[in-house]
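Undergrad: One structure coming up, written as structure tokens, with questions to follow.
Every number in this text was worked out from the coordinates using simple rules, so none of it is lab data. Here the structure is a predicted model, which means the values were calculated and not measured. Ideal geometry is used to build each Cβ from the backbone, glycine not excepted, and the neighbour counts take in all protein chains shown.
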Amino acid sequence: MVRKKERRYGIWINTESADLHSAPSFYSVSSSRPLKDILPEAVDEEFQITAPQMVQGLGSEQNFVDATIRIRENAGLYQVNEGSIEVSEQTLFRTSVDMPANLTEGDYRTRVFLLRDQTIISDFETIIDVRKVGLERFLFNLSRERPLIYGLLSLAIAIAAGWGASAAFRVFKAG
């Protein structure tokens, strides 16, 4: 849900809203060269490759679409990584995608397009399972499943860090 706020009678209130329930929470486009050089607008419109085309395909008002894209780009949730794909032996490719720490766990649809002479000659779609691992997963699960223990553990760490910093400053001040 995207809301527009306006100042009325001295307070900010929601005046308009649009439901963009199909807008992806995370969207990243990687390419081997700048998109303007390899991806014609007509192909982008047809296959909805870039974030603006993907979100515009939802049929909402343009100002809400633009706001959604701007907010998610600023948060690192919508990315364009031009020139980030390394092609080797004309058949293999490799790229990395930086995912934000607050990314929702789950299945993410991945689409791969092979373009030649500004035409899609092949495409492939698969699902990537995104999960937290290690200490991050343990702390995330602890915060959701045992919030009291998580809160007490956080408090204990804060007290220990404060005491440790105080002790360190006393040693440096005395010396």
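Undergrad: Any chance you could give the angle, 0 to 90 degrees and rounded to 10, that helix 62-74 forms with the longest Cα principal axis of the chain?
TA: So the helix axis and the longest Cα principal axis differ by about 50 degrees.
Undergrad: Further question on the same structure: Towards the positive end of the charge dipole of the chain, with charges on Cβ (+1 Lys, Arg; -1 Asp, Glu), say which of Leu135, Ile121, Leu155 has the farthest Cα.
TA: The listed residue farthest towards the positive side: Leu155.
Undergrad: About the Cα centre of the chain, how large is the charge dipole given +1 on each Lys and Arg Cβ and -1 on each Asp and Glu Cβ? Please answer in debye to the nearest 20.
TA: The dipole magnitude comes to about 1320 debye.
Undergrad: Calculate, in nm to one decimal, what Asn14 and Phe47 gain on full extension: separation in residues at 0.36 nm each, minus their alpha carbon distance. Can you show the working numbers first?
TA: Working: separation 33, 0.36 × 33 = 11.88 nm, distance 3.39 nm.
Length gained, Asn14 through Phe47: 8.5 nm.
Undergrad: A follow-up question, please. Find the centroid of the Cα atoms in segment 112-126 and in segment 75-107, then give the distance between the two in whole Å.
TA: Centre-to-centre distance over Cα atoms comes out at 16 Å.
Undergrad: Continuing with the same structure: Report, in degrees rounded to the nearest 10, the 0 to 90 angle that the Cα long axis of helix 134-145 makes with the longest principal axis of the chain.
TA: The angle comes out at about 80 degrees.
Undergrad: Relative to the present Cα-Cα distance, how much length would full extension add between Ile157 and Asp107 at 0.36 nm per residue of separation? Display every interim value, and only then the final one.
TA: Values: separation 50, 0.36 × 50 = 18.00 nm, distance 3.35 nm.
Difference between extended and current length: 14.6 nm.
Undergrad: I'd like the distance separating the alpha-carbon centroids of segment 134-172 and segment 2-41, in whole Å.
TA: 36 Å
Undergrad: Suppose each label sits 7 Å from its Cα in the direction of the beta carbon; what would the Ser88-Arg170 distance come out to in nanometres?
TA: Going by the 7 Å Cα→Cβ label model, 5.6 nm.
Undergrad: For Cα Rg over 2.2 N^0.38 Å, the choices are [x] 1.48; [y] 0.97; [z] 1.25; which was calculated from the structure?
TA: [x]
Undergrad: In addition: Find, among the GluC sites (Glu not before Pro) in segment 1-86, those assigned to loop by DSSP (not H, G, I, E, B) with at most 13 other beta-carbon atoms within 10 angstrom. Could the numbers behind the result be given before it?
TA: Details: sites: Glu6, Glu16, Glu41, Glu45, Glu46, Glu61, Glu73, Glu82, Glu86; in loops: Glu61.
For GluC sites (Glu not before Pro) across segment 1-86 that sit outside H, G, I, E and B with at most 13 neighbouring Cβ atoms in 10 Å, the list reads Glu61.
Undergrad: Separate question: Among the trypsin sites (Lys or Arg not before Pro) in segment 114-175, which ones are in a DSSP loop with at most 10 other Cβ atoms within 10 Å of the Cβ? Mind listing them?
TA: Values: sites: Arg116, Arg131, Lys132, Arg137, Arg144, Arg170, Lys173; in loops: Arg131, Lys132.
Here the trypsin sites (Lys or Arg not before Pro) that fit, given the DSSP loop and packing criteria, are Arg131.
Undergrad: Around Val130, what is the net charge, scoring Lys/Arg as +1 and Asp/Glu as -1 over all other residues with Cβ under 12 Å from its Cβ?
TA: Values: positive: Arg109, Arg131, Lys132, Arg137; negative: Glu105, Asp107, Asp129.
Charge balance in the 12 Å sphere: +1.
Undergrad: Here's something else I'd like to know. Report, in degrees rounded to the nearest 10, the 0 to 90 angle that the Cα long axis of helix 147-174 makes with the longest principal axis of the chain.
TA: 60 degrees
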